[in-house]
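A.B. asks: Starting off with a structure, shown below.
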Amino acid sequence: MPILVKDFTWSQTNKVVHIRVPLNPVAHEKVDLFPTEKYIKANFSPFLFEVFPLYDVNIKKSKCFVKEDVIILDLMKNDEITWECLEKELTKEEKMKIRQEVLEKCLEQAKQESEDRKIKKSQLDRYTVQQAMEIDSQQHKLMDSRRDHERKKAMDELEEWRVGKVSVTEESNGTELQRGDEKIKALPPPKDEERVEINTTKVEKGVQKKDEEKMKREPVLKSVPRAQKPPKPVKTPVKSEYVEKKKVETAKRVLPRLRQTMNLEINHTPRTFPTPSRESTADEEQAWLKNITLARRATGFVSEDLRPEEQDPQWCKEKGDEFFKNGNFLGAISAYTHGITLSDKLPTLFANRSATHFALGNFNKCLNDCSTALDLMKPPCESNRRSRAKCIARRAAALARLGYLSKAIDEMKAAGKLLPDDETIQKDIYDMERAWEQNPDSD
């Protein structure tokens, strides 16, 4: 039990109340202060100092100093009046009530501050994303503008080269041709070319002469040979010491001998048929029974393969619960499904299978199983109230996962009416409502 400190001193002015609390022999690092407008507490184990001021003080403007041997409290008054005494005359029950009110008020204030910080953080995150997107768009615009500028520059240079004025000089006979104001020289004939004289008639000579005069007036353009493609570089393989080392280790590895094969013979008890041998269709019946058994094994459990206790739906429910606790959700679903095939009137099988589907993310199947379980829990009574509330809450959670927040909130409120003291359901309602406020169009 703490020891109350009574040897403190206080003084006042018109604006401030000064309180000095001794600390000896406690270290000043262990002091825990809890100042409010109506109640002030300082705890330094095993000592406790608390005071209920006569009037409310302005705690935001007040000051506190913790020194090595004393605690100094400077409490600012709301009204400039002189106090007759430091504390109110209260009973033990009144003090307890004030403590409880102050504590609840501080908790609400801390909760509100936490929510404000979360909202502010969300706004800052959204603003950061927007700024990052704006910077990214500016960078893209800058890159696009530079690319367009370089493309335009290259196209302009190509156009100038295409329409540029080319001067060709005729080096063979030194003659120059005229095109407007520009002189163009003809190219010399190739060295390897030989002249061949052709005997033509006078008419042909006249035509040839006219063609030669026309060629003298027109320039001869020089053909530009195409640039040859550079040879492709020869690819040289890159060797890795690690790969070569692994190859050597693989080559030196000694494998164990293969296991010897054996044939396993299975002798089945022969089945007898009541029909005579001459009229019996034993082979066809055996083939039919084999096909039916294989088909039933492919779809699930076969009653012939199960033990007597495995034919009990309650046993299947307990086995599914064991699988669920161990994390084997597929095995749990198989056990619950087999139990449902044995008895489809047991609501716990559907309820537990809905929880397993929820754990696997099968939210639509979870909704169907929850609805079936609630239909089987009729008439509603006190003994199945908790089970109905859990099914409704699970259905609300599945609806929230599927994006139907408004319906999920209504379902969760219905579960909260059945279990008003369940803090988890109240917290889920609070979280869903906050999510709905931030994104009301989720449905």
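So that you can scan it fast, the table gives a plain yes or no per residue for (1) in contact with a His (Cβ under 8 Å, 6 or more places away or on another chain); (2) surrounded by 14 or more Cβ atoms within 10 Å (Cβ to Cβ):
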position: 13; (1), (2): no, no
position: 17; (1), (2): no, yes
position: 21; (1), (2): no, yes
position: 46; (1), (2): no, no
position: 53; (1), (2): no, yes
position: 63; (1), (2): no, no
position: 68; (1), (2): yes, no
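A.B. asks: Which one is surrounded by the most Cβ atoms within 10 Å (Cβ to Cβ) among residues in the stretch 404-421 that are without any contact (Cβ under 8 Å) to a residue 24 or more places away in the chain and part of a loop (DSSP other than H, G, I, E, B)?
C.D. replies: 420
A.B. asks: Working carefully through the options 32, 7, find the one that is in contact with a Pro (Cβ under 9 Å, 6 or more places away or on another chain) and loosely packed, with under 14 Cβ neighbours inside 10 Å.
C.D. replies: Details: 32 fails: in contact with a Pro (Cβ under 9 Å, 6 or more places away or on another chain).
Within the list 32, 7, the selection yields 7.
A.B. asks: Pairs please, first residue from the stretch 113-134 and within 20 Å of residue 434 (Cβ to Cβ), second anywhere and not basic (Lys, Arg), Cβ atoms under 9 Å, 6+ apart in sequence or on different chains.
C.D. replies: 122/438
A.B. asks: Moving on. From the list 84, 89, exactly one residue is acidic (Asp, Glu), under 28 Å from residue 107 (Cα atoms) and either free of Cβ contacts under 8 Å to residues at least 40 places away in the same chain or surrounded by fewer than 11 Cβ atoms within 10 Å (Cβ to Cβ) (or both). Which is it? Please lay out each step first, then the result.
C.D. replies: On the way: 84 fails: under 28 Å from residue 107 (Cα atoms).
Just a single option satisfies the conditions, and that option is 89.
A.B. asks: Looking at 60, 41, can you tell me which residue is within 48 Å of the chain's Cα centre (by Cα) and more than 16 Å from residue 99 (Cβ to Cβ)?
C.D. replies: Working: 41 fails: more than 16 Å from residue 99 (Cβ to Cβ).
Result of the check over 60, 41: 60.
A.B. asks: Ok, one more. Of the conditions (1) exposed (fewer than 15 other Cβ atoms within 10 Å of the Cβ); (2) modelled with pLDDT of 90 or more; (3) among the β-branched types (Val, Ile, Thr), residue 341 clears all except one; give me its number.
C.D. replies: Of the numbered conditions (1) exposed (fewer than 15 other Cβ atoms within 10 Å of the Cβ); (2) modelled with pLDDT of 90 or more; (3) among the β-branched types (Val, Ile, Thr), the odd one out for residue 341 is (2).
The values are calculated or read from the model by the stated rules, or taken from the named source; none is laboratory data. Given the structure is predicted, the values throughout are model-derived calculations rather than measurements. Quick reminder, even Gly has a Cβ in these numbers, built from the backbone with ideal geometry, and neighbours come from all protein chains shown.
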